[in-house]
Structure formats: C-alpha cells, structure tokens
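Comments concern the structure below.
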Amino acid sequence: ISIFFQDFSKAMSQAGSSQFQEVIRQELEYSMKVELDKILATAHSNEIEHTKKDLEGFKKLFHRFLQEKGPSVDWGKIQRPPEDSIQPYEKIKARGLPDNIASVLNKLVVVKLNGGLGTSMGCKGPKSLIGVRNENTFLDLTVQQIEHLNKSYNTDVPLVLMNSFNTDDDTKKILQKYSHSRVKIYTFNQSRYPRINKETLLPIAKDVSYSGENTECWYPPGHGDIYASFYNSGLLDNLIAEGKEYIFVSNIDNLGATVDLYILNHLMNPPNGKRCEFVMEVTNKTRADVKGGTLTQYENKLRLVEIAQVPKAHVDEFKSVSKFKIFNTNNLWIALSAIKRLQEKNAIDMEIIVNPKTLDGGLNVIQLETAVGAAIKSFENSLGINVPRSRFLPVKTTSDLLLVMSNLYSLNAGSLTMSEKREFPTVPLVKLGSSFTKVQDYLRRFESIPDMLELDHLTVSGDVTFGKNVSLKGTVIIIANHGDRIDIPAGALLENKIVSGNLRILDH
C-alpha cells in the first residue's frame, strides 16, 4: 500500500506541477496581450493594419515558445536521408536543357533576403550596399546577374527583395538607379516584432515607434518570416496571377547563389513527372562548416536540423564531418502555390530559435526567430541537391571579402567564377585579426589586394599593412605583437613564411 501511495502522490505532484505551469503560461500570455494592446493603441491610423498583423504573428510565436519544451530533437529518431532524397548536382546537370528554357525561366522569381545590416563589418545601413568588387555592391551584382539572364534569353525574371524595417528606406532610395535596367524589382517587408525582457518575458517597447531611443525595442524575426510576410504583402498572389510558379531564395551576401538553369529545369520538368515543392541546395562540409544545419530523415520527412536543436550530449557527433557530410547553403527553390496553400492552412511548421541579446545599456533580452529552411518538412515531395561548393560563397566577414576581391575570382555579368589559373578548386583559409574587422580599417591596410592564386592559408594578427602588388603563396602567417607594426613592402613575395616581430617601412 505504501508503494501505491508513493506512486499516487508522485503522480499528483507531477499533475500539480503541470497544472501550475499551465496557469503561469496563461498568465504570461494574458500579460503579453495586455502589453501588445497598449502598444497597438499608440499606432497612427495608417500604421494600425500592418502593426496588427505583425503583433498577431508575434503572439502566435510567443504562444508556441511558451508551449514547447525546448528546441531539442529526439536524437534517437534522426536517420540518414534515403539515397534518392539528396541528388548529386552532376546527375541533375547531365539531363541537359530543353529548347524551351526561356519559357521555363519565365516561371521563375528571384528572391533575395535583404534584411541584414552591415554592422558586423563596421558599416552603417543595409549589408547589400557594401562594395564587394570593382565598386559593385551585393545588390549591383544581383541586378547584373538577372539582367544578363533576361537579355540572353529574352525573358522577364523579376527580383524581389525581402527588406526589414532596418533596410527598407535605404534600399528603396538606391533602387532608383536601376530604373532603366531590364529587371523588374519588387520589395516587401519582413515583420517587426518586439524584443522581450529576459526576466519578465514582456515587451520592452512602450509604443510603436522604432526610431531614436526605441531602435533597440524591435527586431526582424529571422528569414523564416518570409512565408507569412510574402503572403501578407499581396505580392505572392500577384506573382501567381502573372504565371510565376517558383521562387529561388538566397541570402543577398551569398555571391555564389546565381540562377541555375539545370536545377530550374529539374523542378519544372521532373524526370518522374512529380514536381518537388521544395528544393534545398546542400554542399559538402569542410572543417569551417561544422556548425551548419544539416538535412536528415526524421519521422519519414526530410528535416533540417540546426546545431541549436541538438541535445548537448550529441553536439560533437553533429559536428562530425564523417557522419553529417552536408550542410544547408540556404539556397532554396520553393513552389509559390505550395506557399499559398500552406500559409492559408496555417500549416508551415518551423522550430523557434531563441536568440539572446544584450542591449547597449546592459539589459538582457530575447528575440524569437525562425529559419526559412526549417519549413522543408511542411512541403510535399521535398528534395536536397548536393551542389558544388562554388554555389556557397557568403561574405560574412572581411576575411571573406578579401577572397572575393582577389584574383582568385573573375567577374562576368555580375557572377563570380573561380579563376582557371588556380590549380585546385578549394578556397584558401583566410583569418584576418581584429584590426581588420571593420571594412574601412581593412581597406586602409591593403594598398592593393595581394595575388592569392597559389595561397592555401593566410593568418594575419595585429597592426599589419600590405603594400602594392604583394604575392602570397602556400601558408603565410603574419603576427605583429602588441605595440609592434609590420609593413609588408610593395612587390614582396611571401611563400610558406611566418613573419613576426616589427617591420616598419618609412618614406624618406
């Protein structure tokens, strides 16, 4: 009997604790609703409609955040994807192209994720407006690529930019310069969600404004917001009415994400007659990509698993290049009709990413986000395509910028291709120290970009500058100790060298 009572009281206390948690959840949701209503009450009449939509979307996300036990996947359920669910790009390319490729292209829309600021590289304003090659910005190169397509095939592929409230004004100002280009450009805005205090789980914003003191109160909720905001903007319906069928989505800072006609043809003319609603481009992991999200089979669906969802005990296994060989490039091809169908059924399921931030004043906040690729499991007949590494060329840091500005790549009609003079197709590993983090400092430290055709590895640390026409080959490590400075002289050739200490070259 005593064992029975022990079990009974244990069950009761667990029930009590879950009831208690439910009461707390309800109270938090009610308090959040009260605060959001107060914020909405401060909106001007012309802001009410879209502010309401934003806050409704946020409320749904917050509700799920309170309900879910945490981001972990059940590690035991993760399986390797079936052989045919991730196709090699070579196989897709081997099918060739049909004669009517122009009519296939006319069904495509290119969407670039343009919500990010250049703050991590020390720039103000949209990241897409940073100069990356011969004065061309990310946006210039994107427009040039699509214009070249439209001229070559006599097509009408439009460009759609998903901006955030941070990038919208500056981007729209700059778009005027493309008014004579052969590309229709549309924009829509990501939602604007309130950051919440980590302790109270209530919004830190007191009204709808997001300028001045309130800049830090709001955030764009990750690129998973594309489905709802694209649908809400009305642009999705307009493009479907124009006969468009697929979008090709990628990050604007991925210079390798150009329109691929072979993948598009595979989507529009599938070999088995059954169209894919969602294609994710993946590529082989290197040691630099161990944290990238990977495609797995989970409950009979293809599923993207990110490092944040992995139970701590399995993180090293997740990072293993031998077990999980591929990662998501965030180049995605998605059927417009499927987005519309799932959005109308409220059936797009994406894991919540809880992103903690510390504001300038020291306040700890969290922002709830989602990732566009996580929705793959909601679509029918999804597919991974293992593409060459050249389709993943993101510029996240000045180390990446050095690679794309160098003679490793040649620029043609907005597209970067690796130079034929480089003997092996891998990209050198470049690590520039903190003196190079900001674009302005980085540019000041190179009189011209070095010749890097035969470079394998470059590490630079401390106060280092490069003169004109420097050549770097093999493995080069340059370390200026604190208080020292190293000037690499003009015309220098460094091959498999370690340079340290102090080297000042003074004009006389």
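The values are calculated or read from the model by the stated rules, or taken from the named source; none is laboratory data. Just so you know, these numbers come straight off a predicted model, no measurement behind them. Using ideal geometry, Cβ is built from the backbone for each residue, glycine included, and neighbour counts are taken over all protein chains shown. Ligands, DNA and RNA are excluded from the accessible area calculation, which covers all protein heavy atoms including side chains. Shrake-Rupley method; radii C 1.70, N 1.55, O 1.52, S 1.80 Å.
Ellipsoid semi-axes for the chain, based on the Cα gyration tensor and the rule √(5λ), read 40, 30, 26 Å when sorted largest first. Straight-line cross-link partners of K357 among the aspartates and glutamates, defined as a Cα under 18 Å from its Cα and at least 8 positions apart when in the same chain: E199, E213, E216, E369. Computed 3J(HN,Hα) for segment 302-313, one whole-Hz value per residue from the Karplus formula 6.51 cos²θ - 1.76 cosθ + 1.60 where θ = phi - 60°, is 5, 9, 8, 10, 9, 4, 5, 8, 7, x, 3, 5, glycine and proline marked x. For segment 364-374, the Karplus equation 6.51 cos²θ - 1.76 cosθ + 1.60, evaluated at θ = phi - 60°, returns couplings of 8, 10, 10, 10, 9, 10, 9, 10, 4, x, 5 Hz by residue, with Gly and Pro reported as x. Its alpha carbons considered, segment 13-161 gives a radius of gyration followed by a Dmax of 24.5, 71 Å. Extension gain, N412 to D99, is 110.2 nm, computed as 0.36 nm per intervening residue step minus the present C-alpha separation. For the pair Q176 and L503, what calculated FRET efficiency results from E = 1/(1 + (r/R0)^6), where r is the Cβ-Cβ distance and R0 = 41 Å, to the nearest 0.05? With a Förster radius of 41 Å, E is 0.30.
Toward the positive end of the charge dipole of the chain, with +1 on the Cβ of Lys and Arg and -1 on the Cβ of Asp and Glu, the farthest Cα among S337, F230, M121 is that of S337. Accessible surface calculations at 1.4 Å, restricted to protein heavy atoms, place segment 398-500 at 49 Å² per residue. Could you state how much accessible area L443 has, in square angstrom rounded to the nearest 10, with a 1.4 Å probe and all protein chains kept in place? Rounded to the nearest 10, that gives 90 Å².
So, with a 1.4 angstrom probe, what is the percent of accessible area on the chain that is carbon and sulfur? Spell out each step's value before the answer.
Working: 12800 of 25120 Å².
Solvent-exposed carbon and sulfur of the chain make up 51 percent of the total.
Entry comment: accessible area of segment 75-391 is 43 Å² per residue, from protein heavy atoms only and a probe of 1.4 Å.
If one computes the Cα centroid of segment 118-134 and of segment 47-87, what distance in Å separates the two points? Value for the Cα centre distance between the two parts: 30 Å.
Where the only charges are on Cβ atoms (+1 Lys, Arg; -1 Asp, Glu), what is the dipole of segment 398-500 about its Cα centre, to the nearest 20 debye? Write down the numbers at each step before the final one.
Working: 10 positive and 12 negative charges, 31 e Å.
My answer is approximately 160 debye.
Ordered from largest to smallest accessible area (heavy atoms of protein chains, 1.4 Å probe), the residues H44, H223 come out as H44, H223.
State to the nearest 20 debye the size of the charge dipole of the chain about its Cα centre, where the only charges are +1 on K and R beta carbons and -1 on D and E beta carbons.
On the way: 61 positive and 59 negative charges, 128 e Å.
The calculated dipole for the chain is roughly 620 debye.
Between the amide H of N251 and those of L113, distances stay under 5 Å, these residues lying 5 or more places away or on another chain, with hydrogens modeled in the peptide plane. When all protein chains stay in place and ligands, DNA and RNA are ignored, the 1.4 Å accessible-area order of R64, R287, R95, largest first, is R287, R95, R64.
Over the chain, what is the relative contact order in percent, taking alpha-carbon pairs closer than 8 angstrom and at least six residues apart? It would help to have the intermediate numbers written out before the result.
Working: 920 pairs, mean separation 76.4, N = 508.
Once normalised by length, the contact order is 15 percent.
This model, with +1 at the C-beta of Lys and Arg and -1 at the C-beta of Asp and Glu, gives segment 181-256 a dipole about its Cα centre of some 100 debye.
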